[in-house]
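Participant: Mind having a look at this structure? Questions to follow.
Values in this text are rule-based calculations from the coordinates and carry no lab data. Every value quoted in this text rests on a predicted model; they were computed, and no experiment measured them. Glycine also receives a Cβ, built like all others from the backbone with ideal geometry; neighbour counts cover every protein chain displayed.
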Amino acid sequence: MQSRMAEEMKQFAILATLLTTVLISSNLIPIAVCEPEIIPADSSKLDAWIGQNVKQFIETKSLDDKEGSVLDDVLVTAEARLKVITVVKDGSGDFKKVADVVKSIPLENTKRTVIKIQGGEYREKITIDKSKMFITSLGDPKGRPKIMFNGTAAKYGTVDSATVAVESDYFVAVNIEFVLQCRMQKKMINRHLFRDSYVKGTVDFIFGDGQSLHLNTTIKSVAKGLSVITAHGREEVSGKSGFAFVHCNIIDSGDTYLGRAWKNSPRKVYYGEYKCMGPGADSTGQAKFVKILLDAEAEPFLSMTYLDGNKWVLPPP
């Protein structure tokens, strides 16, 4: 049965597919003046590209903005005050539940707090308050922990049904599965970098008003019939936001659309493709608003400066 379904699935690789709202925002952090390092066309060079970006940012963190990119001052301070807390289900760690660790972290937190989570299933619903910044959830690579909850949209509402809701800045998650057993969704707010991730869902399972870059991510639609993967929803006319997918794979088992416009302010929405490959990249039958981007048009989405990442992207502690 599985092999037959696998044969029916259409998989196409996306070098860079962009669903974005073209707007200007006066309240975003200015883009650094340094020359951006463009994401390499060869996916095998992604690790080296990430390493080079991080190296440059660390080397220039004490420089003035006029000389080069710098990390946010509050991030530099937080990284210098590292705190590690362990979570083990059998009670041999500092806590048994992840939610209890989050509750223990003070409001207006100013320390990089690493929550090291041992493998296993944690049935919890977690919300990280916006004042609890600088949290890193670090799973055991030898036994990846799974945080799961059966939250339905009917009971909690679409947004609040999330298993793990992160409202704070400078959050990092590594080697962890977040599972919503009914309908897995990732609500996008602010800026995000996803790397080497696996995302699975049915309809609109990546959604919200966010500015996100996905690198080397596998996205799988398990919907029966028509599916839409992303629903980008701009809340305000004055916001800049969009989803960029670079070196990603999409797997589906039916008719699947990458995205649709959502919310009240889709003033100007376009769906751009850049050097896509595979059966799904066939332009026959595509929507009229699809645009094949030129090099210069795609370039703003192909570096860390798209997210102002030169001010906050660091490797896990």
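Participant: How far is it, in nm, from the label point at Arg144 to the one at Asp100 when both lie 7 Å from their Cα along the line to the Cβ?
Facilitator: A separation of 2.6 nm, rounded to one decimal place.
Participant: Segment 247-264 to segment 69-112: how many Å between their Cα centroids?
Facilitator: Between the Cα centres of segment 247-264 and segment 69-112 lies a distance of 35 Å.
Participant: If you rank Ser197, Ser241 by fewest surrounding Cβ atoms within 10 Å, what's the result?
Facilitator: Lowest count first: Ser197, Ser241.
Participant: Under 14 Å from the Cβ of Ser43, count the other residues' Cβ atoms, weight Lys and Arg +1, Asp and Glu -1, and hand me the total.
Facilitator: Summing Lys and Arg as +1 and Asp and Glu as -1 gives 0.
Participant: Note the full-extension length gain between Lys130 and Val76 as 0.36 nm times their separation in residues minus their Cα-Cα distance, in nm to one decimal.
Facilitator: 17.6 nm
Participant: In addition: In which sequence would His192, His232, His247 go, from the one with the fewest C-beta neighbours within 10 Å to the one with the most?
Facilitator: By the 10 Å Cβ count, ascending, the order reads His192, His247, His232.
Participant: At R0 = 41 Å, how high is the FRET efficiency between Tyr257 and Val54 if r is their beta carbon distance? Nearest 0.05 is fine.
Facilitator: With a Förster radius of 41 Å, E is 0.75.
Participant: Amide H to amide H, which residues 5 or more places from Gly254 or on other chains are under 5 Å from it, using H placed in the peptide plane?
Facilitator: It is Lys10, by chain and number.
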